[in-house]
1. Would you be able to say whether some residue in the range 58-77 is of a type in the set (D, E, K, R) and more than 28 Å from the chain's Cα centre (by Cα)?
2. Consider only pairs whose beta carbons are under 6 Å apart and that are at least six residues apart or on different chains; among these, list those whose first residue lies in the range 13-31 and is under 9 Å from Asp45 (Cα atoms) and whose second residue is exposed (fewer than 14 other Cβ atoms within 10 Å of the Cβ) and among the aliphatic types (A, V, I, L, M).
Amino acid sequence: MKLSQSIKPISYLKQNTAEAVREVSESHNPMIITQNGEAKAVLVDISEYEQTQETLALLKMLAQSKASYLNGDHKSAKEAFSDIRKQIKARNS
């Protein structure tokens, strides 16, 4: 993907909205929209956007897990399974 080929002025988007959406949808490449020569927005395919959001959510969970671990907020696998067994026994009682 060459970003230089997907940079379009806002006037292009105004005049060719359907074509821009089709192009982004088919290529799955983002289109950078400029205003007064400065990048202002990005037009992306919805599936690419959703995938990016899922990836960011996973990265956030990893960062939170790492922070919890570094703060000492974790258990050994043995302790975790022991707690699960206790919860199962309590439910079955």
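1. Applying the first criterion (of a type in the set (D, E, K, R)) to the range 58-77 yields 60, 66, 73, 75.
Now restrict to residues that are more than 28 Å from the chain's Cα centre (by Cα): 75.
Yes, the conditions are met somewhere in the range 58-77.
2. Asn29/Met1; Pro30/Val42
Read-outs: derived from the displayed coordinates by stated rules, not from any lab. In this text, all values refer to a predicted model and were calculated from it rather than measured experimentally. A quick note on method: Cβ atoms are made from the backbone with ideal geometry, for glycine too, and the neighbour counts reach across all protein chains shown.
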